[in-house]
1. In the stretch 191-258, which helices (runs of 4 or more DSSP H) lie fully inside it and hold 2 or more residues that are farther than 20 Å from TYR181 by Cα?
2. Would you check if VAL73 is open to solvent by 40 Å² or more (accessible area, probe 1.4 Å), of a type in the set (A, V, I, L, M), farther than 21 Å from ILE203 by Cβ and modelled with pLDDT under 70?
3. Kindly indicate the residue of the stretch 157-180 that is surrounded by fewer than 16 Cβ atoms within 10 Å (Cβ to Cβ) and within 16 Å of the ligand (Cβ to nearest atom) and also farthest from ILE201 (Cα to Cα) among those meeting that condition.
4. For the list (1) of a type in the set (D, E, K, R); (2) at pLDDT 95 or above; (3) away from the ligand (no atom under 12 Å from the Cβ), I need the number of the one condition that ASP108 fails.
5. Could you go through the stretch 287-305 and let me know if any residue there is open to solvent by 20 Å² or more (accessible area, probe 1.4 Å), of a type in the set (Ser, Thr, Tyr) and under 25 Å from ARG48 (Cβ atoms).
6. So in the stretch 46-68, with the set limited to residues that are within 15 Å of the ligand (Cβ to nearest atom) and in contact (Cβ under 8 Å) with a residue 60 or more places away in the chain, which one is farthest from PRO318 (Cα to Cα)?
7. Based on what the data block shows, is GLY219 at pLDDT 95 or above, over 30 Å from ASN31 (Cβ atoms) and within 10 Å of the ligand (Cβ to nearest atom)?
8. If I filter the stretch 1-21 down to residues being among the charged types (D, E, K, R) and open to solvent by less than 70 Å² (accessible area, probe 1.4 Å), which single residue comes out as farthest from ILE95 (Cα to Cα)?
Amino acid sequence: MERLDPFSLVADELSLIANRLRSMVVADVSNLASAAEYFFKIGAEGKRFRPTVLLLMATALNVHIPELPPAGVGDTLPTDLRTSQQRIAEITEMIHVASLLHDDVLDDADKRRGIGSLNAVMGNKLAVLAGDFLLSRACVSLASLKNTEVVTLIATVVENLVTGETMQLTTASKQRFSMDYYMQKTYNKTASLLSNSCKSIAILAGHTAEVAMLAFEYGKNLGLAFQLIDDVLDFTGTSASLGKGSLSDIRHGIITAPILFAMEEFPELHAVLDQGFKNPANVDIALGFLGKSSGIQRTKELAMKHANLAAQVIESLPESDDADVIRSRQALIDLTQRVITRNK
Ligand code: GRG
């Protein structure tokens, strides 16, 4: 079967969602309106990785469910189902952007998606409020789906995001230098949104707990792989060489997988990391150790392990001979490899 770019498979639906998002973030107060719409404007929308995954998952799970009785009066119609799954994609993107707005305030970032960050352009106060506003609009949309299980899943995501961001603030060495702590933080910060939203797509379609768990596992492993590569890119940027990335994590004293692996090979790094990075020379020293170590390679291998686990999940979904289902599953498998090889 021909292999299509995963993004182009859902391109039409993605632009439908983009238009809906723009209409959902309209506010009465003009500066709140311009703040809230800032990252939904054409050209500022980012990679739209999450809605792409969710729409593909919706089609990938579009199989006959034997446990379900034949549709009766008042049941969710297939078109209503697809619309409710699109809502999940919109809600997920709103929560994602809200978390970016708050993250940029916490980090005092000046750039996001290649343009000025909202805090830099409109100030911290409006950026925080715009994030809260997006979150509240996401809540209203979520409530309209009238599915308490899905409400619980998405509410857990917000809790996990806040927990993950708070975990990252820790100054305790035991936690900062622990791989287990880092993976837990990574799940909270990045993978929870994908795992729980993928599961929501399955729940809305009426799938069994088993299939819902497979959707969750795909999102979790894809999200972990995505963040591990993000942490590599922070060091390498688009090039293959160290130090070409933004180095934003290490400059903020955030210890990620490449450094944690490097530390296993060069325990001397411990003292450098303990001193912190107020002194820019320490960044160079840490990069020196990282370059001599296999930290980047081992991080990529760990990302690959999670990407492969995500791909295996798709292989174990209930069989289907529907061409659209098969194409979407292939695209979800393709995405697991693209996440590993991406450079942005
Ligand atoms: C307001 C919901 C809410 C949370 C507050 C600040 C915070 C708690 C959480 C921040 C979590 C965070 C910033 C995680 C990083 C996730 C991540 C990998 C972002 C980059 O995602 P991309 O590359 O971005 O998909 P684009 O721009 O393409 O959408």
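The values are calculated or read from the model by the stated rules, or taken from the named source; none is laboratory data. Remember, it's a predicted structure, so these values are computed and weren't measured experimentally. Neighbour counts are summed over all protein chains in view; Cβ atoms, including those assigned to glycine, are modelled from backbone coordinates with ideal geometry. Quick note on the areas: whole protein, heavy atoms, side chains included, nothing else; ligands and nucleic acids left out. Shrake-Rupley method; radii C 1.70, N 1.55, O 1.52, S 1.80 Å.
1. Numbers: elements: 192-204, 209-236, 248-251.
Here the list reads 192-204, 209-236.
2. Numbers: open to solvent by 40 Å² or more (accessible area, probe 1.4 Å): yes; of a type in the set (A, V, I, L, M): yes; farther than 21 Å from ILE203 by Cβ: yes; modelled with pLDDT under 70: yes.
Spelling it out, VAL73 is indeed open to solvent by 40 Å² or more (accessible area, probe 1.4 Å), of a type in the set (A, V, I, L, M), farther than 21 Å from ILE203 by Cβ and modelled with pLDDT under 70.
3. THR170
4. Result: ASP108 fails condition (2) only.
5. Scanning the stretch 287-305, I find no residue that is open to solvent by 20 Å² or more (accessible area, probe 1.4 Å), of a type in the set (Ser, Thr, Tyr) and under 25 Å from ARG48 (Cβ atoms), so the answer is no.
6. Across the stretch 46-68, the extreme among qualifying residues is GLY46.
7. Values: at pLDDT 95 or above: yes; over 30 Å from ASN31 (Cβ atoms): yes; within 10 Å of the ligand (Cβ to nearest atom): no.
Criteria not met by GLY219.
8. Filtering the stretch 1-21 for residues among the charged types (D, E, K, R) gives 2-3, 5, 12-13, 20.
From what's left, open to solvent by less than 70 Å² (accessible area, probe 1.4 Å): 5, 13.
Values: ASP5: 26, GLU13: 19 Å.
Among residues in the stretch 1-21 that are among the charged types (D, E, K, R) and open to solvent by less than 70 Å² (accessible area, probe 1.4 Å), the one farthest from ILE95 (Cα to Cα) is ASP5.
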